Amino acid sequence: MGTEISSAVIRRLPRYYRYLGELMAHDVVRISSKELSERMGVTASQIRQDLNNFGGFGQQGYGYNVEYLYTEIGKILGLDRKKEMIVIGAGNLGRALANYSDFERRGFVIKALFDISSNLVGKSVNGIPVLSMEKIPTYLKENKIDIAAITIPKEAAPQVAADLVKAGIKAIWNFAPTDLSLPDYVVQENVHLTESLMRLSYKLRASEDK
Ligand code: NAI
């Protein structure tokens with residue numbers, strides 16, 4: 001690898017990974033870029049270009065070895081190592097994340113939730129404890145946590161994110177509808193569902209205008 005992979009390619013990799021996983025589940029051993037492109041609805045040349053970023057993994061006349069490609073993309077995405085997570089905010093969304101067992105199947109394990117509400121602290125969600133916010137620094141010293149998800153009101157999110165970074169968190173999965181300004185060494189993914197809905201609304205309006 002070595003060279004930087006463009007963010008557009010990175011954005012597409014999880015989808016390749018999902019399709020290849022489904023092919024493996026159906027005992028498909030190899031696939032051509034043409035077949036894969038037909039299933040995924042992208043051009044074969046796009047697939048070849050994307051996968052060439054990592055040395056291709058393909059062989060002329062053979063196509064791609066599904067399991068090999070799946071494993072290699074998994075490595076690129078860092079999925080070959082389990083990630084431990086905490087969720088800040090045990091409200092509707094935080095609980096939904098904690099209740100979703102598919103994350104764990106993918107290697108993302110939620111170890112604890114944190115909240116300021118005394119009604120929630122001490123309870124558990126799907127067997128995962130809800131702890132008080134004051135415990136975060138100690139908890140992070142005693143447990144190796146890779147990712148913190150933020151599911152609290154947007155007003156509180158910037159300060160809480162800054163505190164998490166101070167306590168050693170290097171990756172934030174932010175669901176609060178606000179932009180967090182964090183040091184460069186901290187990586188973040190923002191999941192702004194309302195923005196996604198607005199884009200859908202735009203598409204709907206545009207299609208109705210036709
Ligand atoms: P909620 O009100 O059900 O839960 C928020 C939780 O955060 C509460 O348990 C509250 O005690 C806790 N909290 C508040 N301030 C805190 C702080 N400073 N430190 C720690 N915990 C704190 O809200 P909900 O629906 O779960 O939403 C959470 C965030 O996710 C919001 O920013 C919301 O805009 C966003 N969001 C939620 C969606 C959903 O489907 N529920 C969808 C899209 C975004």
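The values are calculated or read from the model by the stated rules, or taken from the named source; none is laboratory data. Keep in mind it's a predicted model, so treat the numbers as computed, not measured. Cβ: placed from backbone, ideal geometry, glycine included. Neighbour counts: every protein chain shown. Side chains included, ligands, DNA and RNA excluded: accessible areas come from the protein's heavy atoms. Shrake-Rupley method; radii C 1.70, N 1.55, O 1.52, S 1.80 Å.
Observations
- Surface accessible to a 1.4 Å probe, ASP209 within the full protein complex, Å²: 110
- With respect to the chain, whose longest principal axis is taken over its alpha-carbon atoms, helix 157-166 is tilted by about 90°.
- Helix-derived mean residue ellipticity, 222 nm - over the chain, DSSP H n ≥ 4, -39500 (n - 2.57), to 500: -13000 deg cm²/dmol
- Degrees separating the helix 7-25 axis from the principal Cα axis of the chain, which is the longest one: 70
- What the Cα convex hull of the chain gives, in volume per residue, is 166 Å³.
- Eligible lysines near LYS83 by straight Cα distance, threshold 17 Å, same-chain separation 8 or greater: LYS75, LYS111, LYS141, LYS144, LYS170
- Within the chain, percent of DSSP bridges classed antiparallel, to nearest 5: 25
- Using C-alpha pairs below 8 Å separated by at least 6 residues, the relative contact order for the chain is 13 percent.
- Net charge over other residues, Cβ less than 14 angstrom from the Cβ of LYS154 (K, R count +1; D, E count -1): -3
- Helix 66-76 axis, angle to the chain major axis (alpha carbon atoms, nearest 10°): 40
- Gyration tensor (alpha-carbon) shape descriptor, segment 7-75, a/c threshold 1.5: rounded
- Probe 1.4 Å - accessible area at ILE86, Å² to nearest ten: 0
- Over 17 Å [Cα-Cα, segment 104-190], rounded percent: 49
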